[in-house]
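Contents: one structure, followed by commentary.
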Amino acid sequence: MDTKSSKPVKGKLRIGFIIIIVVMLLINIIFGALIFLDLRVLKTPETTIQIELIEVNPEEVVIYQNIEVYNPNSYELFVENFKVITKTQEGDEIARIIIEGGSVPSKERRNFSSNEIIAFKGKGQGILTSKITGTIGVKFLGLIKKTLPLAVTVITSAEEVINEIEIPIVHVWGDFGEITTEQINFTGTIEVYNPNSFEMFIEDIDTVIETETGKNVGNLEITGGLIPAKSSKSFKGNGSVLIVALNAKTLIININSTAGVKIAGITKSISYSVDTHIDIPKIEDIIDLNTPTDAIIKSDLRATLNGFISDITLEIKNPNKIGILARDIVFSIFRVDDEEKELIGECSIEEGEVEPEDNIVLNAMIPIPYRKLVFSRGKGFLPDALLIMVRANITIPGLDQHIWVGVSGYQDMHPFF
């Protein structure tokens, strides 16, 4: 009896189990069909790819890669296996980068990025081709999955960075040095500021010194070099200008040079020109004043029937390594009474040139009538002294500039009377 009653129970359990399995199969079939239908209308996610060269130097570049994914669907997406392979124009692979993936919530954006250093090993690579591959998909219950492959090619030009090169900012100044018969030594300095975010070089510096009329009167030799990013650097050089340049109204230094950069193995140069004015030195700044130019004046009086005659000699010693020229030379004699003086004789003589490190003697003869020397204008019988003065324009042969100088000496009259 017990055996018979247990059989219906087991049969009922078996039937119930079968029913449960059938129900679960129907649910999965229906749910799977719904999912399949939903997946068929899976909206393709919006993918934005950004590749930039953010840091550059002569041989390397830091490449920034960013993949932005927007999920327009009502369910979460996943991205995985992002791989970026960068090649040169010749097809040489120079970078292989794996970007970690992840999930993208519904109606949201997510960025997947990476920075990598690419070395060009001395080869100029203007165009880089980056192929980006990966998988974008969706999972349901961890069992059903639908994926979309991603394959995008992006071309990046390193030359675009070079095309944005800014011209350097140049300042020029100079100093005049030792002078010779034909020219003056000139030391020039150019300060160059590099406004770019990468190292720059300057070379082929051609410097010409001209007058306001365009006449070439000198040159300056300057060797260039490298200038760090956002920095200034000074370059010095030596040259000379002709003596006649000092007769100009203004002097102009014209600099023609080449500035360039080397980025990611690519070299690009640009030409630029800069004009700057320099002050023309004065003659007193050129002649070495540390070694004075000595002048000695002497006078001898001799009596004649009509008065005295003063024989005056002027000796000029030139310590400079360039000749000097005395022009407009005027010899004057003054009667001196107490602190008053009165002109009683004067004469002019021709110009005289003193050779470098040499001396010259200039002579003048001035007659002094007795009426001017004795009882002159109610003064005493004789003056207290005679003031002998020589004035002249001192210059350098070939120059219009001059220095107005004077030399004087006193002669006591008492020994004569």
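Structural remarks
- Modelled this way, with points 7 Å down the Cα-to-C-beta line, the labels at GLU203 and LYS298 are 6.6 nm from one another.
- With R₀ fixed at 41 Å, the C-beta to C-beta distance from ASN216 to GLN89 puts the FRET efficiency at about 0.35.
- Using a cut-off of 26 Å between Cα atoms, the listed pairs LYS230/LYS268; LYS43/LYS83; LYS298/LYS341; LYS230/LYS282 include LYS230/LYS282 as exceeding that distance.
- Straight-distance crosslink candidates among aspartates and glutamates, where the alpha carbon sits under 13 Å from LYS249 and sequence neighbours closer than 8 are dropped: GLU210, GLU212, ASP279, ASP400
- With a simple spin-label model that places each label point 7 Å from the Cα along the Cα-to-Cβ direction, the separation between GLU46 and TYR75 comes to 2.3 nm.
- Between ARG96 and ASP311, residue separation times 0.36 nm minus the direct Cα-Cα distance comes to 67.3 nm.
- Listed from fewest to most Cβ neighbours within 10 Å, the set PHE308, PHE331, PHE201 follows the order PHE201, PHE308, PHE331.
- Each label was represented as a point 7 Å from its Cα along the Cα-to-Cβ direction; for THR276 and SER348 these points are 4.4 nm apart.
- Based on C-alpha pairs under 8 angstrom that are at least 6 apart in sequence, segment 169-281 has a relative contact order of 28 percent.
Each value in this text was obtained by applying a stated rule to the coordinates, not by laboratory testing. Computed from a prediction, not measured in an experiment: that's the story for all the values here. Virtual Cβ from ideal backbone geometry, glycine too; neighbours counted across all protein chains shown.
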